[in-house]
Amino acid sequence: MDFNVKKLASDAGVFFTRAVQFTEEKLGQAEKTELDAHFENLLTRADSTKNWTEKILRQTEVLLQPNPSARVEEFLYEKLDRKIPSRVTNGELLGQYMTEAANDFGPSGPYGQTLIKVGETQKRLGIAERDFIHSSSINFLTPLRNFLEGDWRTISKERRILQNRRLDLDACKARLKKAKAAEAKAAAEHELRVAQTEFDRQAEVTRLLLEGISSTHVNHLRCLHEFAEAQATYYAQCYQYMVDLQKQLGRFPSTFVGNADAVPAPLNTSPPAATLPLLQAVSPNPADGTLNPAEVKPPASGTRKARVLYDYEAADSTELGLRADELITVYSLPGMDPDWLIGERGNQKGKVPVTYLELLS
């Protein structure tokens with residue numbers, strides 16, 4: 001193997017000179033070329049961006065995957081450039097256990113029926129969680145990780161080069177001050193001009209990279225919006241699944257017998273007289289159990305168009321069944337539950353859940 005002895009000696013000499021210059025600066029025995037205030041602000045902003053991006057990335061990983069061993073496994077698969085195996089969520093696993101328990105106890109009994117209904121909802125919650133994790137990983141975690149492993153490494157590399165150029169420049173300044181003979185001064189001045197040129201060139205390169213942090217913020221802002229939207233969709237789905245489950249469980253007769261001696265006091269379920277006009281506006285017609293269009297009239301202003309996001313089966317005659325992607329007219333009435341609106345499709349009218357809609361105007 002061939003070695004370039006002169007190059008090795010030269011590199012060793014440069015390293016030694018930089019080490020001496022750095023040590024003397026720390027001891028206050030040598031002058032240091034300071035960067036301008038704008039450049040220092042760019043460096044501070046870049047360091048802050050890197051530090052907070054790391055913290056946000058790590059904590060988001062904890063939020064999406066609380067299991068430390070699972071996170072380590074995913075990290076190893078990623079570093080080995082291998083596909084991460086699909087993992088069943090806790091909700092899906094719970095739903096599976098409930099379904100198997102119902103089959104064992106008897107799916108036709110009250111307990112078995114309830115286990116099946118709750119188990120199906122748990123599976124839907126688990127699937128929604130898996131979709132949310134997948135979407136957040138692609139649209140939020142990946143861009144943050146790409147910045148830390150790509151752009152930031154480039155910035156760090158150029159900053160180290162700039163630091164070396166600055167040490168070389170200050171070492172040349174020190175040699176020029178110590179030079180006595182004319183030839184030594186001329187050589188030191190030439191070295192100083194070369195070092196100054198290299199320093200200025202590297203400072204410009206580093207400055208451009210640091211100013212690119214603004215573009216990084218813009219990109220991360222867009223990713224943050226996508227993460228918040230995915231999270232909102234996930235929680236809206238969970239809420240609606242639980243509302244649907246409550247409706248389904250309410251249809252089963254209660255078969256549980258408590259303490260016979262403990263007779264609960266009757267609840268007063270009659271609404272206050274002041275609220276009766278509001279409730280009558282959204283109550284079914286007592287004659288046929290359907291929503292009476294004559295009693296439910298849209299307000300003079302406040303109607304909006306809405307696009308249906310998911311299919312929805314009406315639970316009773318007061319609700320309006322929905323089909324995904326159709327357009328309906330919606331409005332709210334005083335005293336209504338804020339999670340519901342009145343929906344109209346032609347001559348059909350009924351209550352519709354807000355979480356199933358995208359309000360357009």
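The values are calculated or read from the model by the stated rules, or taken from the named source; none is laboratory data. The model shown is predicted, which means the values in this text are computed figures rather than measured ones. Methodologically, a virtual Cβ is constructed for each residue, glycine included, from the backbone with ideal geometry; neighbour enumeration extends over all protein chains shown. The area values use the complete protein model at the heavy-atom level, side chains included, leaving out ligands, DNA and RNA. Shrake-Rupley method; radii C 1.70, N 1.55, O 1.52, S 1.80 Å.
For first residues located in the stretch 223-248 and open to solvent by less than 50 Å² (accessible area, probe 1.4 Å), partners that are part of a helix (DSSP H, G or I) and β-branched (Val, Ile, Thr) and lie 6+ apart or on another chain with Cβ distances below 6 Å form the pairs Ala236/Thr355; Gln240/Thr355; Tyr241/Thr121; Leu245/Thr121.
Screening Glu92 with (1) modelled with pLDDT of 90 or more; (2) closer than 30 Å to Leu221 by Cα gives one miss only, at (2). Restricted to the stretch 132-165, and to residues there that are hydroxyl-bearing (Ser, Thr, Tyr) and within 11 Å of the chain's Cα centre (by Cα), the residue that is nearest to Ser214 (Cα to Cα) is Thr142.
Residue-wise test of (1) over 30 Å from Glu24 (Cβ atoms); (2) outside any helix (DSSP H, G or I); (3) of a type in the set (A, V, I, L, M, F, W, C).
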| position | (1), (2), (3) |
| --- | --- |
| Leu94 | yes, no, yes |
| Glu129 | yes, no, no |
| Ser156 | no, no, no |
| Asp170 | no, no, no |
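Yes/no per residue for (1) within 30 Å of Val243 (Cα to Cα); (2) touching a Lys or Arg at 6+ places or on another chain (Cβ under 9 Å):
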site: Thr89; (1), (2): yes, yes
site: Asp104; (1), (2): yes, no
site: Glu120; (1), (2): yes, no
site: Asp131; (1), (2): yes, no
site: Ser136; (1), (2): yes, no
site: Thr142; (1), (2): no, no
site: Arg165; (1), (2): no, yes
site: Leu176; (1), (2): no, yes
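The number of residues in the stretch 310-338 being closer than 23 Å to Arg124 by Cα, open to solvent by 30 Å² or more (accessible area, probe 1.4 Å), of a type outside the set (A, V, I, L, M) and touching a strand residue (DSSP E or B) at 6+ places or on another chain (Cβ under 7 Å) comes to 3. The single condition among (1) open to solvent by less than 70 Å² (accessible area, probe 1.4 Å); (2) assigned to a helix (DSSP H, G or I) that Leu35 does not satisfy is (2). The one condition from (1) outside any loop (DSSP other than H, G, I, E, B); (2) modelled with pLDDT under 85; (3) surrounded by 10 or more Cβ atoms within 10 Å (Cβ to Cβ) that Lys351 does not meet is (2).
When restricted to residues that are farther than 11 Å from Ile328 by Cα and under 27 Å from the mean Cα position of the chain (by Cα), the stretch 346-361 contains 4. Checking each residue in the stretch 147-184 for being modelled with pLDDT under 90 and open to solvent by 90 Å² or more (accessible area, probe 1.4 Å) picks out Arg175, Lys177, Lys178, Lys180, Glu183.
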